[in-house]
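The structure appears below as structure tokens.
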Amino acid sequence: MTYQNHITQTAQLIKSQNGTWDGIDAEAVARMRLQNRFQTGLDIARYTAAIMRKDMAAYDADPANYTQSLGCWHGFIGQQKMISIKKHFGSTERRYLYLSGWMVAALRSEFGPLPDQSMHEKTSVPALIEELYTFLRQADARELGGMFREIDAAREAGDELTEQRLLQAVDNYQTHVVPIVADIDAGFGNAEATYLLAKKMIEAGACALQIENQVSDEKQCGHQDGKVTVPHEDFLAKVRACRYAFLELGVEDGIIVTRTDSLGAGLTKQIAVSKEPGDIGDQYNSFLDCEEIDPTTARNGDVILNRDGKLLRPKRLPSNLFQFRAGSGEDRCVLDCITSLQNGADLLWIETEKPHIEQIAGMVDRIREVIPNAKLVYNNSPSFNWTLNFRQQVFDAWAAEGQDVSGYDRAKLMSVDYDGTALGDEADERIRTFQRDAAARAGIFHHLITLPTYHTAALSTDNLAKEYFGDQGMLGYVKGVQRKEIREGIACVKHQNMSGSDIGDDHKEYFAGEAALKAGGAHNTMNQFAA
């Protein structure tokens, strides 16, 4: 509905109240409606799910249409990312937000900082989704409020051309509300627990849930050791639980991202149930590290497998876990991915130990032999040493091509001594084009960085503390922060405006008219930043 249609419709409603609503301004109502486009989290989930489906189709048509996101741990962080994207690129197209379970555990738990092991309160995850969308909706209200003020100013100046341009901009306004890919870890319990949490996350606005195939009560960060996977049927029950949650709530386009940690997970807690040779349970068990035994040597408590007429005993560790054969990780990843896509998953996530396009592409090529349109979400993780990894990749490639690499020490390539060298520059170029190249070669539809603002906050705080508490004093803040905010057009330099002060002033005027006591008068110090 257009801005003018909102005004007309509301004016008719006010008129129908026989004068009792004459103190209500139809245009003010229209403005408030447009500043609050999404009434519920389910409105957001349905809207953003449609965006992701459209973007997935665009990627299938052309891999250059890959998507990106950055991880968030607070609503303000997510809001500022989207404001910055609109400021620099004019559109939020193909740019999302990622909700990292790692950051929720480390920064949002009432227990204090925790490792990424699903020990934090599960309710903190939907609470953060709701918070993110509250801040994104506030960004809409703030930006539209500014446009409405410009419309009023154009009217007062008699500038009809500017007024019409602004009215058209309002009708074509692009919201800051974008898809959030939300981490549900391993489901925080059994399939019922997964379903209940998934509902809360969807009701808060999540259109895409990312779930991993680890044992819920043994869950580890994807880049830590000690990961334990579950048989496929156990995992698929949780995938179906997520789909049921989407369908129950009417979000038919909801996205399920299934993550496999099998590449770095050498352990399983359970032997899979197998009803016949070659079924999914038998395939899972085929990767177990076993030893052939004589039946007379079987011990109490042994698990015995019959494989091709041989009796095999899976190796059991003191932890009561079973281990997989070394080197079977990639094969297990491929099986995990194919099985997930055949059972309701929409996107895949393969957690790797390094950012190597050909490693990922080797698995994707095998998956696409069965599922041609298989697409990945990939973690461009801060857990990787990107500089060292890519310098070593270039070193190895050059050595294989017969180039002279005698001037480089492969083990010390992180050294600043290699900054600005031919090898260092080539590595940086490969990092720069990694997302584009991986989208084209390795089927990666969505690139994300899980923990970017965790690191940027630490770095900027370290720099500010060093300057402010050192010789620079207040100049450390002014030169390092405020002056840059002003000159680079960072909206937060007007922090009162960012917190909603101007929106509140508008509402005061709607409610009280000339009697409104507004904060944005001549004595508001934010006026110092008007230029």
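The values are calculated or read from the model by the stated rules, or taken from the named source; none is laboratory data. This structure is a prediction, so every number in the text was calculated from the model and none was measured. Heads up, the Cβs are rebuilt from the backbone with ideal geometry, glycines too, and the neighbour counts pull from every protein chain shown.
Picking from S91, S84, S100, which residue would you name as being among the hydroxyl-bearing types (S, T, Y), at negative phi and without any contact (Cβ under 8 Å) to a residue 60 or more places away in the chain?
After applying the criteria, what remains is S84.
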TODO: Given the conditions (1) of a type outside the set (A, V, I, L, M); (2) at pLDDT 95 or above; (3) out of contact with any strand residue (DSSP E or B) (no Cβ under 6 Å at 6 or more places or on another chain); (4) surrounded by 13 or more Cβ atoms within 10 Å (Cβ to Cβ), report the number of the one that W102 does not fulfil.
DONE: (2)
Task: Hey, D346 acidic (D, E) and either under 20 Å from the mean Cα position of the chain (by Cα) or on the phi > 0 side of the Ramachandran plot (or both) or not - done: yes
Task: Matching residues, segment 380-434, being without any contact (Cβ under 8 Å) to a residue 24 or more places away in the chain, under 29 Å from Y454 (Cβ atoms) and among the basic types (K, R) - done: K412, R432
- [ ] Kindly check whether there is at least one residue in segment 154-177 that is in contact with a strand residue (DSSP E or B) (Cβ under 6 Å, 6 or more places away or on another chain), on the phi < 0 side of the Ramachandran plot and not in a loop (DSSP other than H, G, I, E, B).
- [x] no
- [ ] Spot the failing condition for K200; the list is (1) crowded, with 18+ Cβ neighbours inside 10 Å; (2) of a type in the set (K, R); (3) free of Cβ contacts under 8 Å to residues at least 60 places away in the same chain, and only one is missed.
- [x] (3)
TODO: Please specify each residue of segment 359-379 satisfying the condition of being of a type outside the set (A, V, I, L, M) and in contact (Cβ under 8 Å) with a residue 60 or more places away in the chain.
DONE: R368, N373, K375, Y378, N379
Open item on the list: Given the criteria surrounded by 13 or more Cβ atoms within 10 Å (Cβ to Cβ), at pLDDT 95 or above and in contact with a Leu (Cβ under 6 Å, 6 or more places away or on another chain), does R391 qualify?
Closed with: yes
Open item on the list: Anything in segment 3-44 that is free of Cβ contacts under 8 Å to residues at least 12 places away in the same chain and of a type in the set (F, W, Y)? List them, or say none.
Closed with: W21
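Y59: over 18 Å from F135 (Cα atoms) and touching a residue at least 12 places away in the same chain (Cβ under 8 Å), yes or no?
Yes; evaluated as a whole, the condition is true for this residue.
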Open item on the list: Going by what's in this entry, would G420 be described as part of a loop (DSSP other than H, G, I, E, B) and either outside the structural domain of L107 (by TED's automatic domain parsing) or more than 30 Å from T229 (Cα to Cα) (or both)?
Closed with: yes
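This table checks each residue for (1) surrounded by 14 or more Cβ atoms within 10 Å (Cβ to Cβ); (2) among the hydrophobic types (A, V, I, L, M, F, W, C); (3) without any contact (Cβ under 8 Å) to a residue 12 or more places away in the chain.
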| residue | (1), (2), (3) |
| --- | --- |
| L451 | yes, yes, no |
| N463 | no, no, no |
| E467 | yes, no, no |
| D471 | no, no, yes |
| D506 | yes, no, no |
| A515 | no, yes, yes |
| K518 | yes, no, no |
Task: Among residues of segment 325-345, those that are buried (at least 21 other Cβ atoms within 10 Å of the Cβ), under 28 Å from K54 (Cα atoms) and in contact with a strand residue (DSSP E or B) (Cβ under 8 Å, 6 or more places away or on another chain), counted - done: 5
TODO: Those residues that are within 30 Å of L341 (Cα to Cα) and either out of contact with any Ser or Thr (no Cβ under 8 Å at 6 or more places or on another chain) or not acidic (D, E) (or both), I need them from segment 280-300; list them, please.
DONE: I280, G281, Q283, Y284, N285, S286, F287, L288, D289, C290
Open item on the list: Criterion first (assigned by TED's automatic domain parsing to the domain that holds G264 and either in contact with a Pro (Cβ under 8 Å, 6 or more places away or on another chain) or not in a strand (DSSP E or B) (or both)) does E467 satisfy it?
Closed with: no
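Counting only residues that are within 27 Å of G78 (Cα to Cα) and assigned to a helix (DSSP H, G or I), how many does segment 424-460 have?
Number of matching residues: 17.
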- [ ] Those residues that are assigned to a loop (DSSP other than H, G, I, E, B), at pLDDT below 95 and surrounded by fewer than 21 Cβ atoms within 10 Å (Cβ to Cβ), I need them from segment 40-79; list them, please.
- [x] H74
Open item on the list: So, in segment 469-528, how many residues would count as being over 21 Å from M147 (Cα atoms) and touching a Ser or Thr at 6+ places or on another chain (Cβ under 9 Å)?
Closed with: 2
- [ ] Output yes when any residue across segment 494-501 is of a type in the set (A, V, I, L, M, F, W, C) and free of Cβ contacts under 8 Å to residues at least 24 places away in the same chain, and no when none is.
- [x] no
